[in-house]
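Values in this text are rule-based calculations from the coordinates and carry no lab data. A quick note: this is a predicted structure, and the numbers were derived from the prediction, not measured. A quick note on method: Cβ atoms are made from the backbone with ideal geometry, for glycine too, and the neighbour counts reach across all protein chains shown.
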Ligand SMILES: [Zn+2]
């Protein structure tokens, strides 16, 4: 496996854990390696303590590799539909989770940094996790957005690199925290 990408995914897990996005075994990550392969998290592991052994490299065309995350079909659909996407991070972020539960999308216009770096955040109508249909909906309703909110579920960030996807989650989560705080004023 590409040790650089492995290290980036391990780093992303540590950062996402530090902002409370990885309860229990929740979340899953992947990074594209060349045209036809991707590194993906194994199913059922605690991503908060992610290490090299928790990652496997698989064929991107594979519909459901046996050891891969149960959410692989979502990653696969996004990779096949969006050649620009090189990394995908799915988490259960607490502040964005409030918006997800309420069926609302944070307003990127509230903060200059969010508007410039996130562009748009899209809500994906609820579909049962782990299904091919969820991937189809993420492509259909996500457009070319970098941050997708899965209704009643969680958050997906895509990027041209692991770092870009990570920064998108961090910035979207920060925006959500600020917008929730504004409601107190
Ligand atoms: Zn999830």
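Here are a few things to note about the model shown:
- Ordering 109, 86 by the number of other Cβ atoms within 10 Å of each residue's own Cβ, fewest first, gives 109, 86.
- If the chain linking residue 128 and residue 110 were pulled fully straight, counting 0.36 nm for each residue of separation and taking away their Cα-Cα distance, it would gain 3.3 nm.
- Gaussian network model of the chain, springs between alpha carbon atoms under 10 Å - residue of 94, 125, 106 with greatest fluctuation: 125
- Going by neighbour counts of Cβ atoms within 10 Å, the residues 141, 29 line up, fewest first, as 141, 29.
- Segment 6-33 residues near the modelled residue 82 label - backbone nitrogen below 14 Å, point 7 Å along Cα→Cβ: 30-32
- For segment 1-63, the Stokes-Einstein estimate of translational diffusion at 10 °C and a viscosity of 1.306 mPa s comes to 134 µm²/s, using the Kirkwood hydrodynamic radius over alpha-carbon pairs.
- Between 159, 44, 135, the Gaussian network model of the chain with springs among Cα atoms under 10 angstrom shows the greatest mean-square fluctuation at 44.
- Length released on extending from residue 61 to residue 42, taking residue separation times 0.36 nm less the Cα-Cα span: 5.1 nm
- Sorted fewest first by neighbouring Cβ atoms within 10 angstrom, 145, 18, 69, 161 come out as 18, 161, 145, 69.
- Span from the segment 7-75 Cα centroid across to the segment 116-154 one, whole angstrom: 18 Å
- Computed over the alpha-carbon atoms, segment 89-165 gives an Rg to Rh ratio of 0.95, Rh here being the Kirkwood radius from the mean inverse distance.
- In the distance distribution for the chain, Cα-Cα pairs more than 31 Å apart total 9 percent.
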